[in-house]
Structure formats: structure tokens, C-alpha cells
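A short worksheet on the structure shown next.
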Amino acid sequence: MTGRIRKAWEQLDVAVDEIARLTAQVQEIKAAGDPRLAATFEQDLLVEKAKARGKAEILALIMPAPLNTADAISAEAGVRHAAKQAGKQHETPGIRMVGRVLMDDIEGRPEFT
């Protein structure tokens, strides 16, 4: 995957993966009966959620409707995560269009060099 837009989505994908991992870990620790350790991991989870939300807000500034809100970006991130977990390919609508429109994202394309 090339282009800054795809890289930004990939960063959000990594954040969502970390949120899923930490969520599972918190559940396991709670089930094991260690509330102090669970609280520590819950703090890490909150930090990761905040990072993901920030990434979603930035992507919402450049993505076309209907992915032009942080909530819509977050929902799409969930769809991407589910597809990845299922081993399916998923192309987020609008990524190619944004890549063609933003000058910073067309560096290196032959028709613009």
C-alpha cells in the first residue's frame, strides 16, 4: 500500500488491532480475578482508544462523505478489522479518490512527475 492516505488508514488499523488485543487482555485478567492489573490495562486501553479517535478525526477531514465524520471513520475501521480477522480483502470507499485529489498523495505517479 502506498500513499499517505493508505498509510494513515494503516495506522488506524494498527490502533484498532491494539484496542482489540487490550480489550481481550482486560477480560482475561478480570476473569482471573486481578482487578489491580486489570485497571492498569484498562488505562492502556483508554490511551489507545484516544489515539485511534484522533486518527479518525484527522481522516474525517480528508475523506469524502459518508466517511467525513470521526464516528463514520471509526465504524469503517471496525469493518476493516472484521474483514482482516476473517481473512477477507476490504477496500475502504473513497481512498482512491482522495489519493487522486490530494497533491501530496500523488508524488511519484508518472502522470504528475
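Only the coordinates and a few stated rules stand behind these numbers; no lab work does. These numbers come from a predicted model, not from an experiment. Quick reminder, even Gly has a Cβ in these numbers, built from the backbone with ideal geometry, and neighbours come from all protein chains shown.
Taking a ≥ b ≥ c as the square roots of the eigenvalues of the Cα gyration tensor of the chain, is the shape rounded (a/c under 1.5), prolate (a/b larger than b/c) or oblate? It comes out prolate by the Cα gyration axes. Residues whose amide H falls under 5 Å from that of ASN68, counting only those 5 or more places apart or on a different chain, are absent, with hydrogens built in the peptide plane. If R0 equals 25 Å, the separation of the Cβ atoms of LEU37 and GLN85 corresponds to a calculated FRET efficiency of about 0.45. Build a GNM of the chain with springs between Cα atoms under 10 Å apart, and of ILE95, ILE29, ILE58 the one that fluctuates most is ILE29. Scanning the chain for DSSP H helices at least 27 Å long along the axis (C-alpha atoms) with a Kyte-Doolittle mean no lower than -0.5 picks out 4-31, 35-62.
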